[in-house]
Structures are given as C-alpha cells and as structure tokens.
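Here the structure comes first, spelled out in structure tokens, and everything after it is commentary.
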Amino acid sequence: MEYAPGTSVRCRLASGHVADCVVVAVRHFPVDFLEVQFEQDGRRMAFTGSAIASAITPV
C-alpha cells in the first residue's frame, strides 16, 4: 500500500496498543520511512522498513 500525507492509519505499537494516526511524512530513499501523528495527543512517531508493513494498517 502506498501512503501519502493526510492518510488516516492505525498503528500497532510495541506495547500492543493500537492508536489512530495520520501520516505526516513519507520518504522512500535511502530506506522506506513513514512518520505518523497520533490523533489523541499529537505525538509523532517514525516507522521504517518492515516495521511499516507490520505496524501500519489503513483505516
């Protein structure tokens, strides 16, 4: 799946919690990189490589 800034996604965190987020940045070089902002508190978190496929799902 291709993600673009503004896309709503669900993020599964290492703790097992799931949070609603919005994609704020995407980069594909030199590695795939996705930065999301949590809707609940405005925090930002970055995901790279295989973590994107395992932790991010579209809403």
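Only one of the listed residues (Thr57, Thr7) is at pLDDT below 95, in contact with a strand residue (DSSP E or B) (Cβ under 7 Å, 6 or more places away or on another chain) and not hydrophobic (A, V, I, L, M, F, W, C). That residue is Thr57.
Selection within the range 10-54: residues that are aliphatic (A, V, I, L, M) and touching a helix residue (DSSP H, G or I) at 6+ places or on another chain (Cβ under 8 Å). The member of this set that is modelled with the highest pLDDT is Leu34. Annotation note: Cβ proximity below 7 Å between a residue of the range 21-45 that is closer than 14 Å to Ala55 by Cβ and free of Cβ contacts under 8 Å to residues at least 24 places away in the same chain and a residue that is surrounded by 15 or more Cβ atoms within 10 Å (Cβ to Cβ) and among the hydroxyl-bearing types (Ser, Thr, Tyr) (sequence gap 6+ or interchain) occurs for Val23/Tyr3; Val23/Thr7. Summed over the range 31-59, the residues that are assigned to a helix (DSSP H, G or I) and under 11 Å from the mean Cα position of the chain (by Cα) give a count of 5.
Report, by residue number, each residue of the range 1-21 that is among the charged types (D, E, K, R) and either under 10 Å from the mean Cα position of the chain (by Cα) or surrounded by 14 or more Cβ atoms within 10 Å (Cβ to Cβ) (or both). Residues satisfying the conditions are Arg10, Arg12, Asp20. Taken over the range 46-59, the residue count meeting the criterion of being without any contact (Cβ under 8 Å) to a residue 12 or more places away in the chain and surrounded by 11 or more Cβ atoms within 10 Å (Cβ to Cβ) is 2.
The values are calculated or read from the model by the stated rules, or taken from the named source; none is laboratory data. Just so it is clear, the model here is predicted, and its values are computed rather than measured. A quick note on method: Cβ atoms are made from the backbone with ideal geometry, for glycine too, and the neighbour counts reach across all protein chains shown.
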